[in-house]
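Q: My structure is below; once you've seen it, I'll send some questions.
The values are calculated or read from the model by the stated rules, or taken from the named source; none is laboratory data. All figures in this text were calculated on a predicted structure; none of them were measured in a lab. Here the Cβ positions follow ideal geometry from the backbone for every residue, glycine too, while neighbour counts run over all protein chains shown. Side chains are part of the model used for accessible areas, which takes the heavy atoms of the whole protein and leaves out ligands, DNA and RNA. Shrake-Rupley method; radii C 1.70, N 1.55, O 1.52, S 1.80 Å.
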Amino acid sequence: MRKQILGNQDSTIHSAPTGALDVPRLAVALVSSEAPGFPVENMFGAQGGVGGKRWQAQDPGPQTLVLAFDHPQRITRVYLEIEETEVSRTQELTLSASRDGGQSYGEVVRQEYNFSPPGTTFQQENWQLNLDQVTHLRLWIKPDKGGGSALASCTTLALY
Ligand SMILES: [Ca+2]
């Protein structure tokens, strides 16, 4: 049974952005760590933008999120938001896709981004892709290339 409690204000928070794949319904998320109050669901809700609810890692260092889809998906665009208001850091990120049930992955995005608060605090990406038959999507984030104790986080990951 799929149900919604109409009196529950949280019920709208986890609905996907308009037009995006409904990731919570289509996939199982495997995440390397999750801080209390910053669950991975916050990446897939409609509430994004500056100050939006986010996922945040429990521990410093590299983190991996794998989305294992119930059925293979076509993905033509990935939209990502990451906010950092406190620490200057160079973040490394890769996005990889598997078409064979997670046995092997091909890298589709590799990127570095410099956060420099208070000037540069909000990363926004819109990657045009052409992926078919995706069984698993893997996001790897190393929050600080310099090896500092920064925490990985992500405000929005929307798939189209
Ligand atoms: Ca969010």
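Q: Kindly indicate whether Val87 is open to solvent by 20 Å² or more (accessible area, probe 1.4 Å) and either under 18 Å from the mean Cα position of the chain (by Cα) or farther than 17 Å from Pro24 by Cβ (or both).
A: On the way: open to solvent by 20 Å² or more (accessible area, probe 1.4 Å): yes; either under 18 Å from the mean Cα position of the chain (by Cα) or farther than 17 Å from Pro24 by Cβ (or both): yes.
Answer is yes for this residue.
Q: If I ask for residues that are among the hydrophobic types (A, V, I, L, M, F, W, C), more than 11 Å from the ligand (Cβ to nearest atom) and either farther than 16 Å from Leu93 by Cα or surrounded by 21 or more Cβ atoms within 10 Å (Cβ to Cβ) (or both), which ones from region 52-67 would you list? Give the derivation first.
A: In the first step, residues of region 52-67 are kept if they are among the hydrophobic types (A, V, I, L, M, F, W, C); the result is 55, 57, 65-67.
Applying the additional criterion that residues be more than 11 Å from the ligand (Cβ to nearest atom) yields 57, 65-67.
Selection gives Ala57, Leu65, Leu67.
Q: Anything in region 120-160 that is within 15 Å of the ligand (Cβ to nearest atom) and either open to solvent by 60 Å² or more (accessible area, probe 1.4 Å) or not aliphatic (A, V, I, L, M) (or both)? List them, or say none.
A: Phe122, Gln123, Gln124, Glu125, Ser153, Cys154, Thr155, Thr156
Q: Name the residue, out of Gly19, Gly49, that is modelled with pLDDT under 95, farther than 13 Å from Leu157 by Cβ, within 13 Å of the ligand (Cβ to nearest atom) and not in a helix (DSSP H, G or I).
A: Details: Gly19 fails: within 13 Å of the ligand (Cβ to nearest atom).
Testing whether each residue is modelled with pLDDT under 95, farther than 13 Å from Leu157 by Cβ, within 13 Å of the ligand (Cβ to nearest atom) and not in a helix (DSSP H, G or I) leaves just Gly49.
Q: Could you list all residues from region 19-41 that are farther than 16 Å from Val78 by Cα, open to solvent by less than 20 Å² (accessible area, probe 1.4 Å) and not hydroxyl-bearing (Ser, Thr, Tyr)?
A: Ala35, Val40
Q: Exactly one of these conditions fails for Asp70: (1) of a type in the set (D, E, K, R); (2) within 14 Å of the ligand (Cβ to nearest atom); (3) more than 16 Å from the chain's Cα centre (by Cα). Give me its number.
A: Here Asp70 meets the rest and fails (2).
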